[in-house]
1. Criterion first (of a type outside the set (D, E, K, R), assigned by the TED database to the domain that holds Asp190 and in a loop (DSSP other than H, G, I, E, B)) does Ala243 satisfy it?
2. Give the range 331-369 a look and list any residue that's within 31 Å of the chain's Cα centre (by Cα) and part of a loop (DSSP other than H, G, I, E, B), or say none.
3. Here are some residues: Gly85, Gly75. Which one is more than 27 Å from Ser260 (Cα to Cα), modelled with pLDDT of 95 or more and crowded, with 22+ Cβ neighbours inside 10 Å?
4. So in the range 260-277, with the set limited to residues that are open to solvent by 50 Å² or more (accessible area, probe 1.4 Å), within 30 Å of Gln29 (Cα to Cα) and hydrophobic (A, V, I, L, M, F, W, C), which one is modelled with the lowest pLDDT?
5. I'd like the residue in the range 283-313 that is of a type in the set (D, E, K, R) and over 30 Å from Ile126 (Cα atoms) and, out of all such residues, is surrounded by the most Cβ atoms within 10 Å (Cβ to Cβ).
6. For the range 21-35, which residues satisfy the criterion of being closer than 15 Å to Pro5 by Cα and open to solvent by less than 30 Å² (accessible area, probe 1.4 Å)?
7. Which ones in the range 216-234 are out of contact with any Lys or Arg (no Cβ under 8 Å at 6 or more places or on another chain), open to solvent by less than 20 Å² (accessible area, probe 1.4 Å) and either more than 20 Å from Glu94 (Cα to Cα) or of a type outside the set (Gly, Ala, Ser) (or both)?
8. Take Gly64 and tell me if it is under 19 Å from Gly166 (Cβ atoms), touching a helix residue (DSSP H, G or I) at 6+ places or on another chain (Cβ under 6 Å), buried (at least 22 other Cβ atoms within 10 Å of the Cβ) and at pLDDT 95 or above.
Amino acid sequence: MLLPPAPIVIFAFSRPDYLRRLCASLRAQEGFAVDGRQVHLLQDGARSPRSGVVYGDPAAIEAGIAVFREAFPEGSVHAAPHNLGVAMNIQRGEELVFRGLGAEIGYFFEEDLELGPRYLATLEAIRAQAAAHPRLGYFAAYGDHQAASDPDAPRLVPLEHHWGFGLTRRCWEAMQPWLRPFLEVYAEVDYQARPDLRIVGLYADKPVSHMASSQDVAKTMACADLGFARVNTDVCYARYIGARGESFRPADFASLGYDSMAYVTRAPKQPPAVTAAEIERIAREKRDACTAHRGDAYAQALEALGQRIGNPDRPVTRAEIDRLWWLLMDRLPEDEGYYAENVGRITLREVRRALLQSGEAQAKSFYMVP
């Protein structure tokens, strides 16, 4: 049966050199014809509307848009007017595919993956089997660059990072209620300065847990709890090129072996087979590991995390107000009514923001002076 074209979404920020390599590799696919009309650039903006911080070079962002339009003149650019952050930019791309376009499966790429010529053909081979496996959620083909594999007989292994993946509608829709509290936090804050303790604390109400606060991990936990498998090929059909970015620095990139990562360029003798037994095993093993963490390690790790970092979005205490005023204003509030109006009623973040925006604090701290 001929499958309808799957929308292709590219998430980009301010690395036009990486985006150029991704776009060129998409254009060079073999065994799969990329329809440029199905390709969408989800371009994030530079300045945060919340903090005013500029996270990306506007010139680099414009250069990235130009790179995309050169590669896919018939494609669509969805440029955010301000900085959304990784989590909310990805969320709007997924909403575009599953709500706006009504697709059953979408293909999603960040700008820092260079595809081998058989990448999309491999995803399509897995996609062709997806309808028979309702517990298949995510699938990718960038492989495990640190493990031995047979290019003629690729196997399915657990997926780690969500790089260059296919995602099914049924999985995405099932995750939305589960992810809602996480998405609410990501939408309120700058992703780069997200409140880790507050986000990790959301796992207290879940049967699974993790000590990282990223959107990638939240989706991993959602799939584990809901019983969806996330699979990858063991053979590498792409290479990760993101030495500079949200998650990596050049030294980390090299230490993990990504600087020497290579991809297979030929078609396998037999495409990867999706079996019910493998899907069930991969989903079960991940869920078991995540529920074990929730039962055995989470509470102690959360307490330890709370000794190092705070949650700025919890109700402020009198002692915290006093500390903030001493640090920023060199004095305590003069009016006892100030405490009655604020203690337990507003958050520490709100008190801090109000003080930092006050003329007195700026004058005393030379705040905002270049």
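The values are calculated or read from the model by the stated rules, or taken from the named source; none is laboratory data. Computed from a prediction, not measured in an experiment: that's the story for all the values here. Don't worry about glycine lacking a Cβ; one is built from the backbone with ideal geometry, like all the others, and counts go over all protein chains shown. To get the accessible areas, we keep the full protein, side chains included, count just its heavy atoms, and leave off ligands, DNA and RNA. Shrake-Rupley method; radii C 1.70, N 1.55, O 1.52, S 1.80 Å.
1. Working: of a type outside the set (D, E, K, R): yes; assigned by the TED database to the domain that holds Asp190: yes; in a loop (DSSP other than H, G, I, E, B): yes.
Taking the combined requirement at face value, the residue satisfies it.
2. Hit for the range 331-369 is Ile346, nothing else.
3. Numbers: Gly75 fails: crowded, with 22+ Cβ neighbours inside 10 Å.
Criteria check complete, one pass: Gly85.
4. Within the range 260-277, the subset open to solvent by 50 Å² or more (accessible area, probe 1.4 Å) is 260, 262-263, 265-266, 269-271, 273, 275-277.
Add one more test, that the residue is within 30 Å of Gln29 (Cα to Cα), and what stays is 260, 262-263, 265-266, 269-271, 273, 275-276.
Subsequent filtering for residues that are hydrophobic (A, V, I, L, M, F, W, C) retains 262, 273, 276.
On the way: Ala262: 88, Ala273: 95, Ala276: 97.
Restricting to residues being open to solvent by 50 Å² or more (accessible area, probe 1.4 Å), within 30 Å of Gln29 (Cα to Cα) and hydrophobic (A, V, I, L, M, F, W, C), the top hit is Ala262.
5. Keep residues of the range 283-313 that are of a type in the set (D, E, K, R), which gives 284-288, 294, 296, 303, 308, 313.
Narrowing further to those that are over 30 Å from Ile126 (Cα atoms): 294, 296, 303, 308, 313.
Details: Arg294: 18, Asp296: 11, Glu303: 9, Arg308: 8, Asp313: 15.
The qualifying residue surrounded by the most Cβ atoms within 10 Å (Cβ to Cβ) is Arg294.
6. Of the residues in the range 21-35, the ones closer than 15 Å to Pro5 by Cα are 26, 29, 31-35.
Leu26, Gln29 - these are the residues of the range 21-35 that are closer than 15 Å to Pro5 by Cα and open to solvent by less than 30 Å² (accessible area, probe 1.4 Å).
7. Result: Lys219, Val231, Asn232.
8. Working: under 19 Å from Gly166 (Cβ atoms): no; touching a helix residue (DSSP H, G or I) at 6+ places or on another chain (Cβ under 6 Å): yes; buried (at least 22 other Cβ atoms within 10 Å of the Cβ): yes; at pLDDT 95 or above: yes.
Here the answer is no, as Gly64 does not meet what is asked.
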